[in-house]
């Protein structure tokens, strides 16, 4: 029997493969670590670059911080000075209180050492001193009030004659919101008379009509005519007669901006007020002023001014929002 042949592999082959595999793994890990650290270093470099580029002005920030610090120190110094002043005043107050307390204690000791009669006399003397002190204080207050000049209220007196009803020439003005405007009352009234006669036929089939007169110098006239019946005595007895009568008329401004302030009207020789007044002689014409409630002070100023020039004035107050009106049953102006 021939001898058995033993087959064996070369020793150490598996170990060598394991070492090679481990080396490859280590190399891979090293490559990954190096790549990670390289990327981290690049990111830090980028961040540092961005921070340097976006960083604020260091000098400006330092100056602002220095200014704020100086303000804080200034405030602290003021607080310290105020505190020192408070402490000083507190010490003065304490000294005064101590002196008063000692004085009161001395007075109390001296009073206790007195007998009853002297003690009563001492108390009366203290009360007298207190009363004298109060009397001196009130006397000083009285002298101050006596020597103080009293406020002077000036009341202007304007001599005015007794009011009398106006039947002569009247010049009409409208005073509103402190401004005065000429009212062509007579001119519009004459135009009304002419147009009213032409429009009376309209009352044939109506009880009343309202018409307007074309404007004259920034005013137009609106009037209302009514139809009335009256009994008349005839030869054959009593008969009814139809008549056309005026109910009322009113002057309505078309341009209130044309009005003048009272100062311009009175003091400017070229004002409309002075121009109108120049056509009338003083003491022969009455200035009738239709005045709204917001212009009573201006009316007094106007009256005082033109009274010295010889013109009589008549005030016709107007409620707010009401136009100048006239009616057959109305009243005449009263001039002063």
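The values are calculated or read from the model by the stated rules, or taken from the named source; none is laboratory data. Because the structure is a prediction, the values reported are computed rather than measured. Heads up, the Cβs are rebuilt from the backbone with ideal geometry, glycines too, and the neighbour counts pull from every protein chain shown.
In this entry, residue 171 is excluded by the filter for residues that are in contact with a strand residue (DSSP E or B) (Cβ under 9 Å, 6 or more places away or on another chain), at pLDDT below 80 and surrounded by 12 or more Cβ atoms within 10 Å (Cβ to Cβ).
Among the residues of the stretch 180-209 satisfying the criterion of being in contact (Cβ under 8 Å) with a residue 40 or more places away in the chain and touching a helix residue (DSSP H, G or I) at 6+ places or on another chain (Cβ under 7 Å), which is nearest to residue 284 (Cα to Cα)? If we take residues in the stretch 180-209 being in contact (Cβ under 8 Å) with a residue 40 or more places away in the chain and touching a helix residue (DSSP H, G or I) at 6+ places or on another chain (Cβ under 7 Å), then 182 is nearest to residue 284 (Cα to Cα).
Being surrounded by 14 or more Cβ atoms within 10 Å (Cβ to Cβ), without any contact (Cβ under 8 Å) to a residue 24 or more places away in the chain, over 32 Å from the mean Cα position of the chain (by Cα) and within 22 Å of residue 184 (Cα to Cα): is that true of residue 329 here? In short, no.
In the stretch 228-242, the count of residues that are touching a strand residue (DSSP E or B) at 6+ places or on another chain (Cβ under 9 Å) and closer than 26 Å to residue 288 by Cα is zero. Among the residues of the stretch 246-270, which ones are over 28 Å from residue 309 (Cα atoms) and out of contact with any helix residue (DSSP H, G or I) (no Cβ under 8 Å at 6 or more places or on another chain)? Those that are over 28 Å from residue 309 (Cα atoms) and out of contact with any helix residue (DSSP H, G or I) (no Cβ under 8 Å at 6 or more places or on another chain): 247, 248, 250, 252, 253, 254, 255.
Checking 266, 249, 277 one by one, the residue that is over 25 Å from residue 189 (Cα atoms), touching a residue at least 24 places away in the same chain (Cβ under 8 Å) and surrounded by 11 or more Cβ atoms within 10 Å (Cβ to Cβ) is 266 and no other.
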